[in-house]
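Structure, as C-alpha coordinates:
The values are calculated or read from the model by the stated rules, or taken from the named source; none is laboratory data. The model shown is predicted, which means the values in this text are computed figures rather than measured ones. Counting neighbours? That spans all protein chains shown, and the Cβs are built from the backbone with ideal geometry, glycine included. When the accessible area is computed, the model is the full protein with side chains, heavy atoms only, and any ligands, DNA or RNA have been set aside. Shrake-Rupley method; radii C 1.70, N 1.55, O 1.52, S 1.80 Å.
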Amino acid sequence: MSSEIPAHVGLILDGNRRWAKAKGLTVVEGHKEGAETFKKISLAAFDRGVKYLTAFIFSTENWYRAKEEVSFLMKLMVRAVELHLDEFHKKNIKIVIVGSRDNVPESVQKAMERTESKTAGNTGGVLGLCFNYGGKPELVDAIRKIAASGVSLTEIDDELVDSYLYQPEIPGMDLMIRTSGERRTSGFMMWRADYAELYFVEKMWPDFTVEDLDTALADYAERQRRFGK
(Lines give C-alpha, C1' and ligand atoms only; values in the text may rest on other atoms or scores of the structure.)
Protein backbone atom coordinates (compact mmCIF):
# COMPACT_ATOMS: atom_id res chain seq x y z
CA MET A 1 0.00 0.00 0.00
CA SER A 2 1.04 3.61 -0.52
CA SER A 3 1.62 6.03 2.27
CA GLU A 4 -1.68 7.13 3.78
CA ILE A 5 -1.67 10.72 2.49
CA PRO A 6 -0.02 11.70 -0.81
CA ALA A 7 2.55 14.46 -0.40
CA HIS A 8 1.69 16.09 -3.73
CA VAL A 9 -1.83 16.11 -5.17
CA GLY A 10 -2.61 17.58 -8.57
CA LEU A 11 -6.09 18.76 -9.56
CA ILE A 12 -7.48 19.21 -13.06
CA LEU A 13 -10.53 21.37 -12.41
CA ASP A 14 -12.66 20.29 -15.34
CA GLY A 15 -16.34 20.86 -16.05
CA ASN A 16 -17.18 24.43 -14.97
CA ARG A 17 -18.67 25.30 -18.35
CA ARG A 18 -20.65 22.08 -18.75
CA TRP A 19 -21.93 22.41 -15.18
CA ALA A 20 -23.22 25.90 -15.95
CA LYS A 21 -24.80 24.87 -19.25
CA ALA A 22 -26.62 21.96 -17.60
CA LYS A 23 -28.13 24.35 -15.09
CA GLY A 24 -29.03 27.04 -17.61
CA LEU A 25 -26.39 29.39 -16.21
CA THR A 26 -23.70 31.45 -17.89
CA VAL A 27 -20.12 30.28 -18.29
CA VAL A 28 -19.08 33.07 -15.91
CA GLU A 29 -21.34 31.67 -13.18
CA GLY A 30 -19.78 28.23 -13.70
CA HIS A 31 -16.30 29.61 -13.20
CA LYS A 32 -17.39 31.54 -10.10
CA GLU A 33 -18.81 28.38 -8.55
CA GLY A 34 -15.68 26.47 -9.53
CA ALA A 35 -13.50 29.03 -7.77
CA GLU A 36 -15.46 28.63 -4.54
CA THR A 37 -15.18 24.85 -4.79
CA PHE A 38 -11.43 25.15 -5.30
CA LYS A 39 -10.98 27.24 -2.16
CA LYS A 40 -12.92 24.70 -0.09
CA ILE A 41 -11.15 21.64 -1.51
CA SER A 42 -7.65 23.08 -1.31
CA LEU A 43 -8.00 24.07 2.34
CA ALA A 44 -9.43 20.63 3.13
CA ALA A 45 -6.50 18.93 1.38
CA PHE A 46 -3.96 20.79 3.50
CA ASP A 47 -5.98 20.06 6.64
CA ARG A 48 -5.66 16.35 5.80
CA GLY A 49 -1.88 16.49 5.55
CA VAL A 50 -1.21 17.12 1.85
CA LYS A 51 2.03 19.11 1.59
CA TYR A 52 1.84 20.24 -2.04
CA LEU A 53 -1.35 20.90 -4.00
CA THR A 54 -1.17 22.00 -7.63
CA ALA A 55 -4.18 22.98 -9.67
CA PHE A 56 -4.57 23.40 -13.43
CA ILE A 57 -6.24 26.82 -13.38
CA PHE A 58 -5.62 28.21 -16.88
CA SER A 59 -3.76 26.43 -19.68
CA THR A 60 -1.82 27.93 -22.57
CA GLU A 61 -4.59 26.58 -24.83
CA ASN A 62 -7.30 28.46 -22.90
CA TRP A 63 -6.29 31.70 -24.65
CA TYR A 64 -8.22 30.39 -27.67
CA ARG A 65 -11.54 30.49 -25.82
CA ALA A 66 -14.05 33.33 -26.32
CA LYS A 67 -12.57 36.73 -25.47
CA GLU A 68 -15.29 37.38 -22.89
CA GLU A 69 -14.51 34.17 -21.05
CA VAL A 70 -10.76 34.76 -21.08
CA SER A 71 -11.28 38.31 -19.83
CA PHE A 72 -13.42 37.04 -16.96
CA LEU A 73 -10.86 34.38 -16.01
CA MET A 74 -8.19 37.08 -15.81
CA LYS A 75 -10.43 39.17 -13.55
CA LEU A 76 -11.31 36.10 -11.49
CA MET A 77 -7.63 35.52 -10.76
CA VAL A 78 -7.30 39.05 -9.37
CA ARG A 79 -10.60 38.78 -7.47
CA ALA A 80 -9.58 35.48 -5.90
CA VAL A 81 -6.39 37.06 -4.60
CA GLU A 82 -8.30 39.98 -3.11
CA LEU A 83 -10.91 37.74 -1.45
CA HIS A 84 -8.93 34.74 -0.29
CA LEU A 85 -5.25 35.64 0.05
CA ASP A 86 -5.51 36.59 3.73
CA GLU A 87 -7.25 33.32 4.58
CA PHE A 88 -4.56 31.18 2.94
CA HIS A 89 -1.89 33.34 4.56
CA LYS A 90 -3.43 32.82 8.01
CA LYS A 91 -3.41 29.07 7.32
CA ASN A 92 0.36 29.35 6.74
CA ILE A 93 0.03 28.25 3.08
CA LYS A 94 2.65 29.36 0.58
CA ILE A 95 1.21 30.15 -2.86
CA VAL A 96 3.31 29.99 -6.02
CA ILE A 97 2.36 30.55 -9.65
CA VAL A 98 3.41 27.72 -11.97
CA GLY A 99 3.57 28.81 -15.59
CA SER A 100 4.78 31.47 -18.00
CA ARG A 101 4.14 35.16 -17.37
CA ASP A 102 4.14 35.87 -21.11
CA ASN A 103 0.93 37.52 -22.40
CA VAL A 104 -0.51 37.73 -18.88
CA PRO A 105 -2.14 41.15 -18.24
CA GLU A 106 -0.24 43.48 -15.93
CA SER A 107 -3.06 43.53 -13.37
CA VAL A 108 -2.90 39.74 -13.11
CA GLN A 109 0.89 39.74 -12.88
CA LYS A 110 0.71 42.22 -10.01
CA ALA A 111 -1.83 40.02 -8.22
CA MET A 112 0.50 37.05 -8.70
CA GLU A 113 3.46 38.97 -7.34
CA ARG A 114 1.44 40.18 -4.36
CA THR A 115 0.34 36.63 -3.62
CA GLU A 116 3.80 35.10 -3.85
CA SER A 117 5.42 37.90 -1.87
CA LYS A 118 2.93 37.82 1.01
CA THR A 119 3.05 34.04 1.44
CA ALA A 120 6.73 33.43 0.65
CA GLY A 121 7.69 32.62 4.24
CA ASN A 122 4.78 30.28 4.98
CA THR A 123 5.57 26.68 5.85
CA GLY A 124 2.21 24.93 6.27
CA GLY A 125 1.99 23.69 2.67
CA VAL A 126 2.54 24.86 -0.90
CA LEU A 127 -0.33 25.69 -3.25
CA GLY A 128 0.76 25.79 -6.87
CA LEU A 129 -1.58 27.64 -9.24
CA CYS A 130 -0.85 26.44 -12.78
CA PHE A 131 -1.78 29.58 -14.68
CA ASN A 132 -0.84 30.10 -18.34
CA TYR A 133 0.64 26.63 -18.00
CA GLY A 134 1.30 23.83 -20.47
CA GLY A 135 3.29 20.65 -19.96
CA LYS A 136 5.19 20.94 -23.24
CA PRO A 137 5.90 24.69 -22.88
CA GLU A 138 7.32 24.00 -19.39
CA LEU A 139 9.74 21.43 -20.80
CA VAL A 140 10.65 23.64 -23.76
CA ASP A 141 11.40 26.54 -21.39
CA ALA A 142 13.52 24.23 -19.23
CA ILE A 143 15.47 22.96 -22.26
CA ARG A 144 16.11 26.50 -23.47
CA LYS A 145 17.40 27.56 -20.06
CA ILE A 146 19.63 24.50 -19.79
CA ALA A 147 21.05 25.16 -23.28
CA ALA A 148 21.68 28.81 -22.40
CA SER A 149 23.44 27.85 -19.16
CA GLY A 150 26.31 26.27 -21.07
CA VAL A 151 26.35 22.96 -19.19
CA SER A 152 27.92 20.01 -20.97
CA LEU A 153 25.77 17.16 -22.24
CA THR A 154 27.26 14.82 -19.63
CA GLU A 155 25.96 17.06 -16.84
CA ILE A 156 22.33 16.80 -17.94
CA ASP A 157 20.37 14.37 -15.79
CA ASP A 158 16.98 14.13 -14.07
CA GLU A 159 18.04 16.33 -11.16
CA LEU A 160 19.30 19.07 -13.45
CA VAL A 161 16.03 19.09 -15.41
CA ASP A 162 14.11 19.20 -12.11
CA SER A 163 15.97 22.37 -11.17
CA TYR A 164 14.94 24.17 -14.38
CA LEU A 165 11.20 23.45 -14.20
CA TYR A 166 8.72 26.11 -13.11
CA GLN A 167 8.80 26.32 -9.31
CA PRO A 168 11.37 23.53 -8.84
CA GLU A 169 10.59 23.19 -5.13
CA ILE A 170 7.43 21.28 -6.08
CA PRO A 171 8.27 17.55 -6.10
CA GLY A 172 6.97 14.71 -8.23
CA MET A 173 3.21 14.22 -8.16
CA ASP A 174 1.71 11.33 -6.18
CA LEU A 175 -1.98 11.62 -7.04
CA MET A 176 -3.71 13.38 -9.94
CA ILE A 177 -7.47 13.96 -9.73
CA ARG A 178 -9.52 14.98 -12.77
CA THR A 179 -13.22 15.74 -12.69
CA SER A 180 -15.98 15.77 -15.36
CA GLY A 181 -15.46 12.22 -16.63
CA GLU A 182 -12.56 13.08 -18.94
CA ARG A 183 -9.79 10.47 -18.74
CA ARG A 184 -6.65 12.21 -19.92
CA THR A 185 -3.92 14.27 -18.28
CA SER A 186 -3.82 17.09 -20.90
CA GLY A 187 -0.09 17.57 -20.38
CA PHE A 188 -0.54 18.52 -16.72
CA MET A 189 2.91 18.50 -15.11
CA MET A 190 4.18 15.97 -17.64
CA TRP A 191 7.63 15.64 -16.06
CA ARG A 192 6.48 15.49 -12.46
CA ALA A 193 3.44 13.27 -13.08
CA ASP A 194 5.36 10.37 -14.64
CA TYR A 195 4.39 8.02 -11.79
CA ALA A 196 1.33 9.80 -10.45
CA GLU A 197 -1.65 7.66 -9.54
CA LEU A 198 -4.61 8.76 -11.69
CA TYR A 199 -8.10 9.21 -10.25
CA PHE A 200 -11.02 10.19 -12.48
CA VAL A 201 -14.36 11.49 -11.22
CA GLU A 202 -17.58 11.75 -13.22
CA LYS A 203 -18.78 14.85 -11.36
CA MET A 204 -18.24 18.30 -12.81
CA TRP A 205 -15.76 20.33 -10.79
CA PRO A 206 -18.31 22.66 -9.08
CA ASP A 207 -20.06 19.57 -7.67
CA PHE A 208 -16.84 18.05 -6.28
CA THR A 209 -17.04 17.87 -2.48
CA VAL A 210 -14.74 17.35 0.47
CA GLU A 211 -16.25 13.88 0.76
CA ASP A 212 -15.18 13.21 -2.83
CA LEU A 213 -11.67 14.32 -1.93
CA ASP A 214 -11.65 11.93 1.02
CA THR A 215 -12.79 9.10 -1.26
CA ALA A 216 -9.92 9.86 -3.66
CA LEU A 217 -7.40 9.91 -0.81
CA ALA A 218 -8.75 6.62 0.53
CA ASP A 219 -8.47 5.05 -2.93
CA TYR A 220 -4.87 6.25 -3.18
CA ALA A 221 -4.02 4.73 0.20
CA GLU A 222 -5.12 1.29 -1.09
CA ARG A 223 -2.93 1.34 -4.19
CA GLN A 224 0.38 -0.48 -4.62
CA ARG A 225 2.97 1.94 -5.99
CA ARG A 226 5.74 -0.06 -7.68
CA PHE A 227 7.48 2.63 -9.75
CA GLY A 228 8.21 0.09 -12.47
CA LYS A 229 9.75 -2.45 -10.09
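Other residues with beta-carbon under 12 Å from the beta-carbon of Asn132 carry, at +1 per Lys or Arg and -1 per Asp or Glu, a net charge of -3.
Normalised by 2.2 N^0.38 Å, where N counts its residues, the alpha-carbon radius of gyration of the stretch 1-96 equals 1.19.
Compactness of the stretch 70-109, taken as the C-alpha radius of gyration over 2.2 N^0.38 Å, stands at 1.27. Using the Cβ of Leu43 as centre and a radius below 12 Å, the other residues enclosed give a net charge of +2, where K and R count +1 and D and E count -1. Here is what passes the span test in the chain: the DSSP H helices with alpha carbon length of 24 Å or more along the helix axis and a Kyte-Doolittle mean of -0.5 or above are 27-47, 67-90. Mean sequence separation of contacting Cα pairs (under 8 Å, at least six apart), scaled by the length of the chain, corresponds to a relative contact order of 32 percent. Under the combined filter of DSSP loop state and at most 11 neighbouring Cβ atoms within 10 Å, the stretch 100-177 retains none of its chymotrypsin sites (Phe, Trp or Tyr not before Pro).
With N the number of residues in the stretch 142-224, Rg(Cα) / (2.2 N^0.38 Å) evaluates to 1.42.
Computed over the stretch 118-189, the P(r) tail beyond 16 angstrom holds 61 percent of alpha carbon pairs. In the assembled protein chains, Lys51 presents an accessible area of approximately 120 Å² (probe radius 1.4 Å).
With each label modelled as a point 7 angstrom along the Cα→C-beta vector, the Arg65-Gln224 pair spans 4.1 nm. Output the Kirkwood hydrodynamic radius of the chain, Cα pairs only, in Å rounded to one decimal. Hydrodynamic radius (Kirkwood, Cα only) of the chain equals 18.3 Å. Each part gets one Cα centre, and for the stretch 194-211 versus the stretch 157-188 those centres are 15 Å apart.
Once you list every other residue whose beta carbon is under 12 Å from the beta carbon of Gly30, what net charge do they have if Lys and Arg are +1 and Asp and Glu are -1? So the surrounding residues net to -1. Rolling a 1.4 Å probe over the protein heavy atoms of the stretch 107-174, with every protein chain left in place, gives an accessible area that is 54 percent carbon and sulfur. Note on the chain: helix-only mean residue ellipticity at 222 nm, from DSSP H runs of 4+ residues weighted -39500 (n - 2.57) and normalised by residue number, equals -14000 deg cm²/dmol.
Its Kirkwood hydrodynamic radius, worked out from the mean inverse distance over all distinct Cα pairs, puts the stretch 31-165 at 16.2 Å.
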